[in-house]
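The structure appears below as structure tokens.
Nothing in this text is a laboratory measurement; each read-out follows from the coordinates by a stated rule. All values derive from a computational prediction rather than experimental measurement. We place every Cβ from the backbone using ideal geometry, glycine too, and count neighbours over all the protein chains shown.
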Amino acid sequence: MATPTPDALRGLAADIEAELKHLHLLEEDIAQVRQAIASDAEHARLFYENLALKLHNFYTGCERIFRMVVSELNGGQPSGYDWHRRLLERMGMPWQERPPLLSAESIAGLREYLAFRHVVRNIYGYELDTERVEHLIERYPQVWRHVENDVQEFINWLREFADQLERIGP
């Protein structure tokens, strides 16, 4: 991998921050749907379908960040039948100058959401296991906080690395 330019690094940081903003909005939406379940038990099944889609979106948003990072800093994403899993695992490894994006704790937490994302894509909403959805929803705030902190640290690294490259010059 050729060393990216300071502008490319800052651009990547801005793109990741934009995705984080979307994930923050999703956090608010999840809280609203949880309140709706508590106040309208009669329609809980429909709300659980909504939560399942939001959990799918959570992982997909995280994966967008991973794809940006490997596209800009790793030379491309993995391929093959298990590329989603391999992409997640690579986010816990350094790559040349790039530090890991995620901690082992974040990766462990996200594995469940990756698996669930596959379920949501391949079943009908009425087939959802509401206990599994509830389990993931209960874990979501903690997993999201770890991921968010890791990603924010990575954004800080991108900016510091860009500054360092500028000081060194061409």
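Structure data summary
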quantity: Relative contact order of the chain, defined on C-alpha pairs under 8 angstrom at six or more residues apart (%); calculated: 33
quantity: Cα long-axis angle, helix 44-69 against the chain (0 to 90 degrees, to the nearest 10); calculated: 10
quantity: Semi-axis lengths (Å, descending) of the ellipsoid that matches the C-alpha gyration tensor of the chain; calculated: 34, 17, 12
quantity: Gained length - ALA2 relative to HIS24, 0.36 nm times residue gap less alpha-carbon distance; calculated: 4.6 nm
quantity: Segments 134-145, 105-116, 25-36 sorted - mean Cβ within 10 Å per residue, highest first; calculated: 105-116, 134-145, 25-36
quantity: Of SER39, VAL143, TYR81, farthest towards positive along the dipole that unit charges on Lys, Arg, Asp, Glu beta carbons give the chain; calculated: TYR81
quantity: Computed helical MRE - 222 nm, the chain, DSSP H runs ≥ 4 contributing -39500 (n - 2.57), nearest 500; calculated: -26500 deg cm²/dmol
quantity: FRET efficiency for GLN32 and SER71, using Cβ-Cβ distance with R0 set to 30 Å, rounded to 0.05; calculated: 0.35
quantity: 0 to 90° range, to nearest 10: angle between helix 6-39 axis and the chain longest Cα axis; calculated: 10
quantity: Pairwise label distance in nanometres, ALA41 with ASN156, each label 7 Å out on the Cα-Cβ vector; calculated: 4.5
quantity: Residue order, fewest to most surrounding Cβ atoms within 10 angstrom, among LYS54, LYS21; calculated: LYS21, LYS54
quantity: Gain on full stretching of the segment that runs from SER103 to ASP163 - 0.36 nm per residue minus C-alpha separation; calculated: 19.2 nm
quantity: Only Lys, Arg (+1) and Asp, Glu (-1) charged, at Cβ; the chain dipole about Cα centre in debye; calculated: 400
quantity: Exposure proxy ranking, count of Cβ atoms within 10 Å, fewest first, for VAL70, VAL151; calculated: VAL70, VAL151
quantity: Nearest 10 degrees, 0 to 90: helix 104-122 Cα axis against the chain principal axis; calculated: 50
